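A.B. asks: Here you go, one structure.
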Amino acid sequence: MIEAKLLNSHSQDIDTVFKLYEYSFPENERMDKKFLLRDDIEEKEILAFYEDNVFFGFCMLLSYKNITHILYFATIPSIRNKGYGSKILEYLQSFKPNNSILADIEKPNIDNDQRTRRKEFYLRNSFKESNVEYTWQDEAYEIVYVGKELNNEIFWGFWNYFMHYFRGDK
């Protein structure tokens, strides 16, 4: 059985999480680490996942109203393709039972089979395609989700709530 621990900037395993974060995501897909480590943002959560007290993955979430957005989600390379990612998604759906859960995926293209596999992973795990697409830091993304119907108005309403953190208003 997997166990999830809610971490903050002072947690024992936060450095382990950020090592996997930096290994798993190219620089152009990473957010400012200072934002991710801010403990004063109630809507932000960093979850570390363990089996038999051994760390195997994490996810970073933002939640507002009835939406939870998976900002980052990764498992250690040695256990990929063994069902652990699916267990994490299942856990998230029970952890946030009243929320729609969103995930960004890079738009698949002919040159990158990994992107196609990532999208297929989410679709196998009950996520649906949306019509929401955007570009951030020169990378094109699309949103997949599980839960209530998602559209551009809902997605951008969610992100507009958090924009003050990025502008430095808070």
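A.B. asks: By per-residue mean of other Cβ atoms within 10 Å, what is the highest-first order of 80-89, 134-143?
C.D. replies: 80-89, 134-143
A.B. asks: Please report, to one decimal in angstroms, the Kirkwood hydrodynamic radius of the chain built from all distinct Cα-Cα pairs.
C.D. replies: Roughly 16.6 Å, rounded to one decimal.
A.B. asks: Please identify every one of the GluC sites (Glu not before Pro) in segment 1-73 that sits in a loop by DSSP and has no more than 12 other beta carbons within 10 Å of its own beta carbon.
C.D. replies: 42
A.B. asks: State, to one decimal in nm, how far the label point of residue 163 lies from the label point of residue 81, with both points 7 Å from Cα in the Cβ direction.
C.D. replies: Rounded to a tenth, the inter-label distance reads 4.2 nm.
A.B. asks: Here's something else I'd like to know. Roll a 1.4 Å probe over the protein chains and send me the accessible area per residue for segment 78-170 in Å².
C.D. replies: Averaged over the residues of segment 78-170, the accessible area is 62 Å².
A.B. asks: Let's see if you can work this out: charge +1 on each Lys and Arg Cβ, -1 on each Asp and Glu Cβ, no other charges. What is the dipole magnitude of the chain about its Cα centre, in debye to the nearest 20?
C.D. replies: 280
A.B. asks: By Kyte-Doolittle mean hydropathy of at least -0.5 and Cα axial length of at least 20 Å, which whole DSSP H helices of the chain are selected?
C.D. replies: Result, helices passing both filters: 152-167.
A.B. asks: Pull out the extension gain between residue 1 and residue 91, defined as 0.36 nm times the separation in residues minus the alpha carbon to alpha carbon distance; nm, one decimal.
C.D. replies: Stretched out fully, the residue 1 to residue 91 stretch lengthens by 31.3 nm.
A.B. asks: Can I ask one more? Mind running the shape call on segment 1-98? Use the C-alpha gyration tensor, a ≥ b ≥ c as the square roots of the eigenvalues: rounded below 1.5 for a/c, prolate if a/b tops b/c, oblate otherwise.
C.D. replies: rounded
A.B. asks: When only the heavy atoms of the protein chains count and the probe is 1.4 Å, how do 24, 100 rank by accessible area, highest first?
C.D. replies: Largest accessible area first, the list is 24, 100.
A.B. asks: How large is the dipole of segment 23-111 about the Cα centre if only Lys and Arg carry +1 and Asp and Glu carry -1, each at its Cβ, rounded to the nearest 20 debye?
C.D. replies: Taking the Cα centre of segment 23-111 as origin, the dipole is about 120 debye.
A.B. asks: Something else about it: Divide by every residue of the chain the summed helix terms, -39500 (n - 2.57) for each DSSP H run of at least 4, and state the resulting mean residue ellipticity at 222 nm, rounded to the nearest 500 deg cm²/dmol.
C.D. replies: Here the helix-only value at 222 nm equals -10000 deg cm²/dmol.
A.B. asks: Test of understanding: what is the full-extension gain from residue 52 to residue 9, defined as 0.36 nm times their sequence separation minus their Cα-Cα distance?
C.D. replies: Full-extension gain reported as 13.1 nm.
A.B. asks: Counting only protein heavy atoms and using a 1.4 Å probe, what share of the accessible area of the chain belongs to carbon plus sulfur, as a whole percent?
C.D. replies: The nonpolar share, carbon plus sulfur, comes to 46 percent.
A.B. asks: Sequence gap at least 6, Cα distance under 8 Å: using those rules, report the relative contact order of segment 1-151 to the nearest whole percent.
C.D. replies: It comes to 18 percent, rounded to a whole number.
The values are calculated or read from the model by the stated rules, or taken from the named source; none is laboratory data. The shown structure was predicted, so the numbers you read here are calculated from the model rather than taken from an experiment. Neighbour counts are summed over all protein chains in view; Cβ atoms, including those assigned to glycine, are modelled from backbone coordinates with ideal geometry. For the accessible areas, the whole protein counts, side chains as well, though only heavy atoms, and no ligand, DNA or RNA atoms are used. Shrake-Rupley method; radii C 1.70, N 1.55, O 1.52, S 1.80 Å.
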